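Would you mind keeping the following structure in view while I ask a few things?
The values are calculated or read from the model by the stated rules, or taken from the named source; none is laboratory data. If you're wondering where the values come from, they're calculated on a predicted model, not measured in any experiment. Note that we place each Cβ from the backbone using ideal geometry, even for glycine, and neighbour counts take in every protein chain shown.
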């Protein structure tokens, strides 16, 4: 089981944080996945949805798309004074330590 990292009122794994980093660094605040993506990616996306940080988008016809976007709550959480320094520090020091093969 992966270690959980407490950031603000959230508990995230390094994989969750890695995907969140990709979303936060995207100018549109979005992440597009493919149908053949590694299973851990979908797990991380699901966990970020459960934490209320991101949401899956729907097409105008109401079908689920393979795209996830920051929620308003996710944006506000990432800017909280007790979250931003921890998140920034973790993202600057840990990307190469993430074991994506777990």
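For a quick check of your reading of the model, give me the residue pairs whose first member lies in the stretch 66-91 and is more than 22 Å from residue 32 (Cα to Cα), whose second is loosely packed, with under 13 Cβ neighbours inside 10 Å, with beta-carbon atoms closer than 8 Å and at least 6 apart or on different chains.
Every condition considered, no pair remains.
Select from the stretch 68-94 the residues that are in a helix (DSSP H, G or I), touching a helix residue (DSSP H, G or I) at 6+ places or on another chain (Cβ under 7 Å) and either at pLDDT below 80 or crowded, with 16+ Cβ neighbours inside 10 Å (or both) and list them in ascending order.
Listed by number, the residues that qualify are 78, 87, 90, 91.
Given the criterion surrounded by 15 or more Cβ atoms within 10 Å (Cβ to Cβ) and over 10 Å from the mean Cα position of the chain (by Cα), identify the matching residue among 17, 7.
The match here is 7.
Of all residues in the stretch 20-54, how many are surrounded by 16 or more Cβ atoms within 10 Å (Cβ to Cβ) and over 13 Å from the mean Cα position of the chain (by Cα)?
Here the count works out to 0.
Output the number of the condition that residue 2 fails; it satisfies all remaining conditions of (1) modelled with pLDDT under 90; (2) within 13 Å of the chain's Cα centre (by Cα).
Going through (1) modelled with pLDDT under 90; (2) within 13 Å of the chain's Cα centre (by Cα) one by one, residue 2 breaks only (2).
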